[in-house]
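Student: The structure follows.
Bear in mind that the values in this text are calculations on the coordinates, not laboratory data. Here the structure is a predicted model, which means the values were calculated and not measured. Cβ: placed from backbone, ideal geometry, glycine included. Neighbour counts: every protein chain shown.
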Amino acid sequence: MGRRADLLADRIDEGAAGLAAFAEGLTEEEWRTPMATGSDRRNVGVVVHHVASMYPIEIGVARAVAEGKTVMDVGWEDVAGINAKHAAEHATPTKKETLDLLRKNSREASAAVRKFTDEELDRAAPFSLSYGAPMTAQFVLEDHALRHSWHHRARIEKALKR
């Protein structure tokens, strides 16, 4: 729709491609290595699968904000619960299935972002993960769908001491 949306989508693509390329080069032992950073005990493969799985949710939340809808039904405790449930349900993802999912979901996410108008990107609504502060759809996209792959890649690199 617009140049800003294209640039955001390109950055989502860049982060996902970087995470995929990095993960592709991991050994099977590294893929199964526990993160052991802070309170996160998921293994590397589960974390990459987590990133891949969250794109539809993250884009849905940004779309809701873009439509002017208040998003106050998910707190950080809920996010921890979603993450724990995901880890239990996907405790041993294969690298191939995970990278396929990462590529598919990130491609769909960037395609969805390209449809946002500047007006939608600028629209703000109360957002629970920002403690009810009215956040723009662009912020929600940048802080979640865009940042997610970069954030977890950095944490994985730290866990693997790379």
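Student: Cα-based Rg (one decimal) and Dmax (whole number) for the chain, in Å?
Tutor: Over the chain's Cα set, Rg and Dmax evaluate to 15.8, 47 Å.
Student: Out of Ala137, Ile57, Pro126, whose Cα points farthest toward the positive end of the dipole of the chain (charges: +1 Lys, Arg; -1 Asp, Glu; placed on Cβ)?
Tutor: Ile57
Student: Run the simple label-point estimate for Met72 and Asp40 please: 7 Å along Cα→C-beta, distance reported in nm.
Tutor: So the label points at Met72 and Asp40 sit 3.0 nm apart.
Student: Work out from phi, with θ = phi - 60° and the Karplus expression 6.51 cos²θ - 1.76 cosθ + 1.60, the ³J(HN,Hα) of each residue of the range 139-148, listed in order in whole Hz, and give x for Gly and Pro.
Tutor: 3J(HN,Hα) across the range 139-148, in whole Hz: 4, 4, 4, 5, 7, 10, 4, 6, 6, 4.
Student: Where the only charges are on Cβ atoms (+1 Lys, Arg; -1 Asp, Glu), what is the dipole of the chain about its Cα centre, to the nearest 20 debye?
Tutor: 340 debye
Student: Listed highest first by mean packing, meaning other Cβ atoms within 10 Å per residue, what order do 42-54, 8-20 come in?
Tutor: Listed from highest to lowest mean packing, they are 42-54, 8-20.
Student: Taking a cut-off of 20 Å between Cα atoms, list the aspartates and glutamates near Lys69, but don't count ones fewer than 8 places away on the same chain.
Tutor: Glu58, Asp78, Asp118, Glu119, Glu120, Asp122, Glu142, Asp143
Student: Hey, what angle do you get for helix 44-66 against the long axis of the chain, alpha-carbon based, 0 to 90 degrees rounded to 10?
Tutor: 0 degrees
Student: Let me ask something else. So what's the convex hull volume per residue for the Cα atoms of the range 93-135, in Å³? Write out the running numbers ahead of the final one.
Tutor: Numbers: hull volume 3.3 nm³, N = 43.
Normalising the Cα hull of the range 93-135 by residue number yields 76 Å³.
Student: So between Phe22 and Lys104, what do we pick up on full extension, going 0.36 nm a residue minus the alpha carbon distance?
Tutor: 27.8 nm
Student: Per residue, what volume in Å³ does the Cα convex hull of the range 62-112 take up?
Tutor: 85 Å³
Student: Once label points are set 7 Å from the Cα along Cα→Cβ at both Ala88 and Ala124, what is their separation, rounded to one decimal in nm?
Tutor: 3.8 nm
Student: On a C-alpha basis, how far is the centre of the range 15-47 from the centre of the range 113-151 in Å? Whole number, if you could?
Tutor: With the range 15-47 and the range 113-151 each reduced to a Cα centre, they are spaced 26 Å.
Student: Quick check: pseudo-label points 7 Å beyond the Cα along Cα→Cβ at Ala80 and Arg155, how many nm apart are they?
Tutor: My value for the distance between the label points is 1.3 nm.
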